[in-house]
Amino acid sequence: MNTPAPGQCAQNPAIDAEPRFVTIPACSNHSGLLTVTVKLHWTCPECGGPRGDTFRTQSYDGTLPVQCDGWNNPCGHIDHYRDVRLEAQANGLNETAQNPAVDTPHAATVHFHPKQQGDAVNDFLAQIRAQEIERETVIAAGLPALQRLAKIARRDTGQAATVRLFLLGLYNGYRFPFNLTALRGLDLDLFTDCLAVLTLDARATVKEVHQYFHNGGELFEQFAEMVMEGKA
Ligand SMILES: [Zn+2]
């Protein structure tokens, strides 16, 4: 089952050219979402040497990261995702004649078996729409909650101290590890706002929490100072 196609062995006798599936950004502007899984001959297109083992990594489109596969070829030749997408269109392993997905952001995280292709593209589009709706919902609830919490966090009460620590935990969890049990001491509306902001931070991932504010870095450093001064 792992036998390379006959032609490949003849060309590169020393190499096991068994194709592999890899997940790569579907396009250069992937918005942190758009990946495509393609099948590739596991040989360097420059020299025919073996490609390196894959590892999970992130690709940035300028603003947002997307999880995808990366690899370093032992030969030192670098496979750019752009070139890999073209290779996948041309290598005969991905049914690309009817597959607009390889170089457009409209299908992803699917393996291109021709029968399932239409369904997979539709599923993918539905998935993207669902993610957009979720993101909008999360932002609609999270942003006002974040504004309310930031207002509370400037105050000088026990509840305010907890809210400050919570926001700082999201801002920089290494500097300000937050003890979740502290949430239990919050009034219900503050507790609910914290959960909405946590959801915003975890699911929308458009920005870091302080970036939703004008001069947010300064604001959060003020919170940090209040914590250092032991204001409760
Ligand atoms: Zn090479």
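The values are calculated or read from the model by the stated rules, or taken from the named source; none is laboratory data. All values reported here derive from a predicted model rather than from experimental measurement. Reconstructed Cβ throughout: ideal geometry from the backbone, glycine too, with neighbour counts over all protein chains shown.
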field: Subset of the stretch 27-57 (residues that are buried (at least 18 other Cβ atoms within 10 Å of the Cβ), among the polar types (S, T, N, Q) and either away from the ligand (no atom under 14 Å from the Cβ) or in a loop (DSSP other than H, G, I, E, B) (or both))
entry: Thr35, Thr37
message: Residues that are touching a His at 6+ places or on another chain (Cβ under 6 Å) and in contact (Cβ under 8 Å) with a residue 24 or more places away in the chain: list the helices (runs of 4 or more DSSP H) wholly contained in the stretch 114-232 that include at least 1 such residues.
response: 158-171, 216-228
query: Is there any pair with a first residue in the stretch 66-88 that is within 13 Å of Trp42 (Cβ to Cβ) and a second that is of a type in the set (Ser, Thr, Tyr) and more than 12 Å from the ligand (Cβ to nearest atom) whose Cβ atoms are under 8 Å apart and which are 6 or more apart or on different chains, and what are they?
result: Asp69/Thr23; Asp69/Thr54; Asp69/Thr57; Trp71/Thr54; Ala88/Thr96
Single residue of the stretch 187-232 satisfying the filter (under 28 Å from Val66 (Cβ atoms) and hydroxyl-bearing (Ser, Thr, Tyr)) that is surrounded by the fewest Cβ atoms within 10 Å (Cβ to Cβ): Thr205
- prompt: Do we have any residue at all in the stretch 185-201 that's farther than 16 Å from Phe166 by Cβ and either basic (Lys, Arg) or in the same structural domain as Arg148 (by TED's automatic domain parsing) (or both)?
  reply: no
